[in-house]
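The values are calculated or read from the model by the stated rules, or taken from the named source; none is laboratory data. Being a predicted model, the structure only gives us computed values, none of them experimental. All Cβ positions, glycine included, derive from the backbone under ideal geometry; neighbour counts span all protein chains shown. Quick note on the areas: whole protein, heavy atoms, side chains included, nothing else; ligands and nucleic acids left out. Shrake-Rupley method; radii C 1.70, N 1.55, O 1.52, S 1.80 Å.
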Amino acid sequence: MPLCLQIRAKVRRIWRYHPRICVTLLILIGLVIACVLIIKLIVLRQQSKLADVSCQSFTYSSYKPYSTGNQPWSISIADIDNDNKNDIIVLNALGANFGIYFNQGNGIFQ
């Protein structure tokens, strides 16, 4: 007897003697499929919302070098002086010191 006929006979036997289990499994399978479709729908809606947002173009000023000391190791950005402008903090590895560059608000740090 071919394998597909054996499987079909087993499924018929299970369906005949355990109909509650089969119905429960079919309901669970249906719920899983419904959940997957709902999740896909939510993801597609979120992607379409992101696609509608237009990107802003940025303009940059010219390059300005800043002296940071011996072997700059780490850089951080924070509002140190509470003027609502981000300042730059640079840690130097070799000199074991740090430098703070205060934002002047016009693209210049001092």
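Which residue is surrounded by the most Cβ atoms within 10 Å (Cβ to Cβ), if the candidates are limited to the range 65-76 and must be assigned to a loop (DSSP other than H, G, I, E, B) and among the polar types (S, T, N, Q)? Before you say what the answer is, go through the steps one by one.
Pass one, the range 65-76, residues assigned to a loop (DSSP other than H, G, I, E, B): 65-71.
Keeping just the survivors that are among the polar types (S, T, N, Q) gives 67-68, 70-71.
Values: 67: 7, 68: 17, 70: 11, 71: 10.
Applying the filter and picking the extreme gives 68.
Scan the range 77-110 for residues that are closer than 19 Å to residue 64 by Cβ and either open to solvent by 40 Å² or more (accessible area, probe 1.4 Å) or not in a strand (DSSP E or B) (or both) and jot them down.
Taking the range 77-110 as the starting set, the residues that turn out to be closer than 19 Å to residue 64 by Cβ are 77, 85-90, 99-110.
Scanning the range 77-110 gives 77, 85, 86, 100, 102, 104, 105, 106, 107, 108, 109, 110.
Which number in (1) more than 35 Å from the chain's Cα centre (by Cα); (2) among the aliphatic types (A, V, I, L, M); (3) at pLDDT below 85 marks the one condition that residue 9 misses?
Going through the list (1) more than 35 Å from the chain's Cα centre (by Cα); (2) among the aliphatic types (A, V, I, L, M); (3) at pLDDT below 85, residue 9 breaks only (3).
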